[in-house]
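Notes for the one structure printed next.
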Amino acid sequence: MWTTMWAFFSRRLRMWLILAVGAPILGLLLGKVGDLVEARRGPNNVSKVLHTGRRWLQRNAKGPLAARTAADPAGPRDAGTPAR
């Protein structure tokens with residue numbers, strides 16, 4: 001049933017769903033596995049690769065589950081916008 005439901009979504013909507021939901025969840029899982037490996041065996045190449053994959057996915061994820069960056073405390077990034 002679920003496989004036939006995907007056929008009704010446009011290609012663009014399917015890609016957005018994968019990036020908005022799948023990528024952040026995969027990034028979270030990579031981070032958790034990397035933390036477990038690092039806790040058990042210390043920092044090593046496997047944990048570094050897992051953490052790098054998590055950071056890459058968090059940077060490239062879109063949508064409601066994407067990692068949000070904190071606001072810049074120095075002010076707005078646009079030089080034309082007046083500071084408050």
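The values are calculated or read from the model by the stated rules, or taken from the named source; none is laboratory data. What you see is a predicted model, and the numbers here were worked out from it, not measured in a lab. Calculation scope for accessible area: heavy atoms of the full protein, side chains included, ligands and nucleic acids excluded. Shrake-Rupley method; radii C 1.70, N 1.55, O 1.52, S 1.80 Å.
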- Note on the structure: From highest to lowest solvent-accessible area (probe 1.4 Å; ligands, DNA and RNA excluded), L26, L57 read L26, L57
- Task: Report the extension gain between A39 and R12 in nm, rounded to one decimal, defined as 0.36 nm multiplied by the number of residues separating them, less their alpha carbon distance.
- Result: 5.8 nm
- Provide the gained length on full extension for the span L29 to M5, in nm with one decimal, where the gain is 0.36 nm per separating residue minus the Cα-Cα distance. 6.0 nm
- Item | Length gained when the stretch V46-A20 is fully extended (0.36 nm per residue, less Cα-Cα span) | 6.8 nm
